[in-house]
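The structure under discussion appears below in the form of structure tokens.
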Amino acid sequence: MTKKTVRDVEVAGKRVLVRVDFNVPIEKSSGAILDDTRIRAALPTIAYLREHGARVVLMSHLGRPDGQVVPALRLAPVAARLGELLGARVEAADDVVGPSARAAVEALQPGDVVMLENVRFEPGEEQDDPKLAEQLASFGDLYVNDAFGTAHRAHASTAGVAKFLPAVAGFLMEKEVDQLGRVIAEPERPLAAIIGGAKISSKIGVLRHLLSIVDTLLIGGGMASTFLKAGGVAVGASLVEDGQLDAARAIVAEAAERGVDLGLPTDAVVAERFAGDAASRIVALEAVPDGWMILDVGPQTVQAYEAKLQPAMTIVWNGPLGVAEWEAFAQGSRELARFLAKSQASVVIGGGETVALVSDLGLSPAYSHVSTGGGAALEFLEGRTLPGVAALQDR
Ligand code: ADP
Ligand code: MG
């Protein structure tokens, strides 16, 4: 990447303020951490800093406390899990920039790790308040951003603090930017994208940007219904965004203009109602029964998509092809996940639900890259500059 990383700076003996994204799913009743992928993903940076004698001060958010102290969103359990993974004690402060945080930072010895309280307990965090940023910066001699998942937000701990300290990327940030960057800048061709998920409105930016770079674009998920309806197909009670019909038509037209091979479903798994146990069957697209809804792509579509993906050297996938949370409508997405796991192409996967899906199948290690950033990965693929990346020093 074009930004400096922890490798480019001296960290020994320094207090290093590190923004991580430990926004992990937590079970409401017990407070148990349901998935620690995001904690594990930051371990290389934290381990490197400790091994090189840095005093490590971690910052993260958890959930949406909206500037207030919400006891269920305290980071102590996250700090404890991090401690287990590191095999070292991780002190958890019970405030962000208050006396507890200050005392914990002052007591740090080289190799020690302290975790500040949930930064979003402070109202200044999401407002990118320079006062908060300066207070946070006073805890470090150097700032490291390893929170790719929050890099699309200009908050005090993700961007503001970089105005007060030398700012470099951590290893996770570097990997994400390099891997996602390979897709949109000088990819090995043919380049194919599969875009699914619920709504065309949330993916329109990514669709438009990808159209200008891909050779093949395959559409699935709920948004396919909007494309199909725009093309005159009767989609019954399927999820359709009527306000996006013109946008869908524009994308189809632009794909034709650019010579992009645009794939739309040719068959579907339809259900009588929106429920995991609804009556369902596989139909050709011309035969969606009145009042039924498309909840997954059908086997013929999956086969056709696989054939189109066969020659690709780079493939990016965002958005499930169906309502993959429900067994009955997960087949298309699962089949695609398995196909991509065997593909010789570099395969990059992003998006919250999509990543959860491949990780549930135990397939994550089979791909070139599985992004830890949902919204951040999407914005990156839209070609946008992420504030958390922009704030870092150029190499
Ligand atoms: P990601 O988080 O990977 O970017 P999205 O959030 O865009 O993906 O979309 C995931 C959601 O899309 C899932 O909750 C899934 O149930 C929904 N979805 C997929 N296909 C359909 C469909 N045919 N009808 C309604 N919802 C769908
Ligand atoms: Mg999502």
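Computed from the coordinates by the stated procedures, all read-outs in this text should not be read as laboratory data. Given the structure is predicted, the values throughout are model-derived calculations rather than measurements. For neighbour counting, all protein chains shown are included, and Cβ atoms are generated from backbone atoms with ideal geometry for every residue, glycine included.
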> Pick from region 338-366 the residues that are part of a helix (DSSP H, G or I), of a type in the set (A, V, I, L, M, F, W, C) and away from ligand 2 (no atom under 16 Å from the Cβ): which of them is farthest from G276 (Cα to Cα)?
Replying inline: A366
> When you scan region 56-94, how many residues do you find that are outside any loop (DSSP other than H, G, I, E, B) and touching a helix residue (DSSP H, G or I) at 6+ places or on another chain (Cβ under 9 Å)?
Replying inline: 13
>> So, in region 276-312, how many residues would count as being free of Cβ contacts under 8 Å to residues at least 24 places away in the same chain and either part of a helix (DSSP H, G or I) or of a type in the set (A, V, I, L, M, F, W, C) (or both)?
In response: 7
>> For G373, only one of the following conditions fails: (1) in a helix (DSSP H, G or I); (2) crowded, with 17+ Cβ neighbours inside 10 Å. What is its number?
In response: (1)
> If we keep just the residues of region 338-368 that are free of Cβ contacts under 8 Å to residues at least 24 places away in the same chain and closer than 16 Å to L381 by Cβ, which is nearest to ligand 1 (Cβ to nearest atom)?
Replying inline: G352
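Looking at E335, is it more than 12 Å from ligand 1 (Cβ to nearest atom), within 24 Å of the chain's Cα centre (by Cα), in contact (Cβ under 8 Å) with a residue 24 or more places away in the chain and crowded, with 16+ Cβ neighbours inside 10 Å? Quick ask: steps written out before the conclusion?
On the way: more than 12 Å from ligand 1 (Cβ to nearest atom): yes; within 24 Å of the chain's Cα centre (by Cα): yes; in contact (Cβ under 8 Å) with a residue 24 or more places away in the chain: yes; crowded, with 16+ Cβ neighbours inside 10 Å: yes.
In short, yes.
Within the group A42, A80, which residue is closer than 20 Å to R102 by Cα and in contact with a strand residue (DSSP E or B) (Cβ under 9 Å, 6 or more places away or on another chain)?
Numbers: A42 fails: closer than 20 Å to R102 by Cα.
Checking each option against the conditions leaves just A80.
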